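This report concerns only the one structure given below.
What follows is calculated from the coordinates using simple rules that are stated; it is not laboratory data. Predicted model, so just to flag it, every value in this text is computed and none were measured. No Cβ is skipped: glycine too gets one built from the backbone with ideal geometry, and neighbour counts run over all protein chains shown.
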Amino acid sequence: MDAHQEADLLMDSAENPSSPTSRKWTLTPEAFDNLLKTFDPNRDNAAQKYLDCRANLVRFFEWRGCPFPEDHADETFNRVARKIADGEEIQKLAGYVMGVARLLVLEIIKSLSKQREALGEYQKTYDEVADVPDTEIRIDCLQKCLGQLSSDNRELIIQYYQGDKREKIENRRKLGERLGVAINTLRMRAQRLRERLQGCVEECVNAA
């Protein structure tokens, strides 16, 4: 699979946009095309530059300990694409993208801080009386919560995040084909399941 095909797979997430009443801006095929053109007028070159930049973004978020780095990379591109759609002229796209990513990291840190504050009292008590690291409890809770999902949902969420980089993209394409849904629909299902799992894990950790 070449860079052009992989970019097309990622562009599938721009299909089936949400209704106009949605408050969240949705990446459209046209907006994605304009983003690629900003990388390079030649579509094949643009696709490769896009994939290289996306890989750098994923590593950027991974190195900063952000959960779900691929989702944050996609959100970064969504924000840049929206700026382009709004008429902003961007001269050095790669640098601009990283600037947006840095701002997003600050938002993520702020959000994680709020979550830690909510768990702070429990964590303080737990650290005083338990010898088992919090990470082990979370792993146990995650396994328990996965077991509470239906077999189809469990398979979906595991396969959605399985693999690395290009393998993950191909896995998601095949998963979407097998389920008969568009990539964007698949992503929304996975996001809902992920949020459900996160809530379940937090409840489990608090109850441990």
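You can think of it this way: the chain between R64 and T28 has 10.1 nm of extra reach, that is 0.36 nm per residue less the Cα-Cα gap. For the residue pairs K83/K174; K92/K174; K37/K168, the C-alpha atoms sit more than 30 angstrom apart in K83/K174; K92/K174. Efficiency by 1/(1 + (r/R0)^6): what FRET value for K168 and N56, r their Cβ-Cβ distance, R0 = 22 Å, to the nearest 0.05? It comes out at approximately 0.85. Other residues whose C-beta falls under 12 angstrom from the C-beta of K174 contribute a net charge of +1, scoring Lys and Arg +1 and Asp and Glu -1.
Computed from backbone phi with θ = phi - 60° and the Karplus coefficients 6.51, -1.76 and 1.60, the 3J(HN,Hα) list for segment 48-60 is 5, 5, 4, 5, 5, 5, 5, 4, 5, 5, 4, 5, 4 Hz; x is used for glycine and proline. FRET efficiency for the Q191 to R43 pair, using the beta carbon distance and R₀ = 35 Å, is estimated at 0.75.
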